[in-house]
Structures are given as structure tokens and as C-alpha cells.
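A.B. asks: My questions will all concern the structure given below.
The values are calculated or read from the model by the stated rules, or taken from the named source; none is laboratory data. Keep in mind that what you see is a predicted model, and the values were worked out from it rather than measured. Here the Cβ is made from the backbone with ideal geometry for all residues, glycine too, and neighbour counts use every protein chain on show.
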Amino acid sequence: MADKIKTEKNTAVNMDEKKLAELRAVISDYPDISRRRLSHTLSVEKECGVLAEIFGLCENDRRRLCAAALFHDITKEKTLDEQLSLCRYYSIDYPHEAVRSPKVFHGWTASAVMRDKYAEYCDEEMCSAVFVHTTGCEDMTLFESLLYLADYIEPLRKFESCLAVRSYFYEGVSEITYSGADSGNSLVILLLKTLLKSFDYTIEELIGEQEEIFYLTVKSRNSLICKLTDHNLL
């Protein structure tokens, strides 16, 4: 099961602590991020550090994941018109129905901005994780999955669904730690089940609010269902 979340093969940026601190300072002074959004961003960064340790990422990958967290919401607070303008500027080919789900745009535009303006702080794997952090995608990589999860369960989030998913995940980690089971394989299974639970909550909330469910969210959930059912884990 450990290979069921693929790993992107690309040239990773060298992200030492000094470089990560520099980026943190840049984002902290970023003009388009409110204080509230910055608090969330820094909390996601810390959560990424914790998840990286749990899943045994090397130090450079841990810092890269934290850096991706710092980037993930840099365009979150832009209006839909501003998002569409960025899409035109960066030639982002988006499906027409996305305009009815405006929250999906900021992952795409943030990825383009970081690649364009902050290339010294990022690489393609990081850009990909930011690109899909809102909707997910089919066959999410470990890197993509951890950023997505950190954004959902960071401790400043107080939504009932976020608290439930956070509790489910960390209770599972504790059980794996104390059971002496194959931790690598068990953690991947736990991650897949946790991601599925987060997508289920997201879709339930959209239904409850009578909002449109963006098709990529459904495809992401279906991909997780397929992985888990293929291995008799549901």
C-alpha cells in the first residue's frame, strides 16, 4: 500500500531553515493576506511540519512542505474578477462551471503566482500541491495529500467537521504507534481514510448549503474510494 500514493519525480528546491524563514517573512508582509488569513497560513505551516515528521519525510522535504503551506492561500482573498484576471494573465485553462464554485480558483492562481514571482522558493511538486489543495485530485501524491490534510485540520479551524477529522486522524496515529503494527503501511491507509472522511464532510456541507459540488472534488473522493475498495479497506 505504501506505493499507492505516488511520489512526484522532479528536481526539488533546496530549502534550508534560513530560506524557509526568509519566505515566512515575505508571506507575513504579503499585502494581499489579512492578519486572520496569515494566522491560518502559519498554523497550516506548523501542521505540515508535524505531518512531515509522522510520515518520515526527510528534512528538506519537511521544509518544502512547510514552504508550500506558506504559499497556499496567497490569492485566497482576491475577488472572483481578480481570480479570472489572474487566470487570463497566466493562461490558466479553467472549466467554465468553476465560476459557480469561486473558492476553487485560489489554488490554481496561487500556484501560478508562486512559480512566477517566487521561483527560488519553490519547485513543481510544491506548485502541484498548492494547485490541488482545495479540490484535491485523482491519485494524490503524498506531498499533495499532506498539504491538503494540514489545511483541513490545522488547530485554528473550529468547524465541527475539521475537529472531527483531526480527532479521527490523530487517534489513528496513536493506535498505530502503540500497536506495533507496520507503521508505514498503516499510516498510508489511515491517510487515505482520513482524506475520504474530509471529502465526505465537504460534500455533505455543500449539499446542506444547496451549493454546487465542483466535479474535481467528486473525482478526488471517487479516487480514494477506488484505492480503498481495491484493497478491501472499506
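A.B. asks: Restricting attention to helices (runs of 4 or more DSSP H) lying wholly within segment 115-201, give those where 1 or more residues are surrounded by fewer than 18 Cβ atoms within 10 Å (Cβ to Cβ).
C.D. replies: Working: elements: 124-131, 142-153, 160-179.
In segment 115-201, the matching helices (runs of 4 or more DSSP H) lie at 124-131, 160-179.
A.B. asks: Here's something else I'd like to know. Considering only residues of segment 97-114 that are within 25 Å of Ile153 (Cα to Cα) and of a type outside the set (A, V, I, L, M, F, W, C), which is surrounded by the most Cβ atoms within 10 Å (Cβ to Cβ)?
C.D. replies: Ser111
A.B. asks: What pairs come up if the first residue lies in segment 217-234 and is over 22 Å from Val104 (Cβ atoms) and assigned to a loop (DSSP other than H, G, I, E, B), the second is among the basic types (Lys, Arg) and at pLDDT 95 or above, and their beta carbons are under 9 Å apart, counting only those six or more places apart or on different chains?
C.D. replies: Filtered contacts from segment 217-234: Leu233/Lys193; Leu234/Lys193.
A.B. asks: May I ask you to list the residues in segment 86-113 that are of a type in the set (D, E, K, R) and within 22 Å of Glu144 (Cβ to Cβ)? Please lay out each step first, then the result.
C.D. replies: Taking segment 86-113 and keeping what is of a type in the set (D, E, K, R), we get 88, 93, 97, 100, 103.
Selection gives Asp93, Lys103.
A.B. asks: Quick one: is Arg221 more than 24 Å from Glu53 (Cα to Cα), of a type in the set (Lys, Arg) and modelled with pLDDT of 95 or more?
C.D. replies: yes
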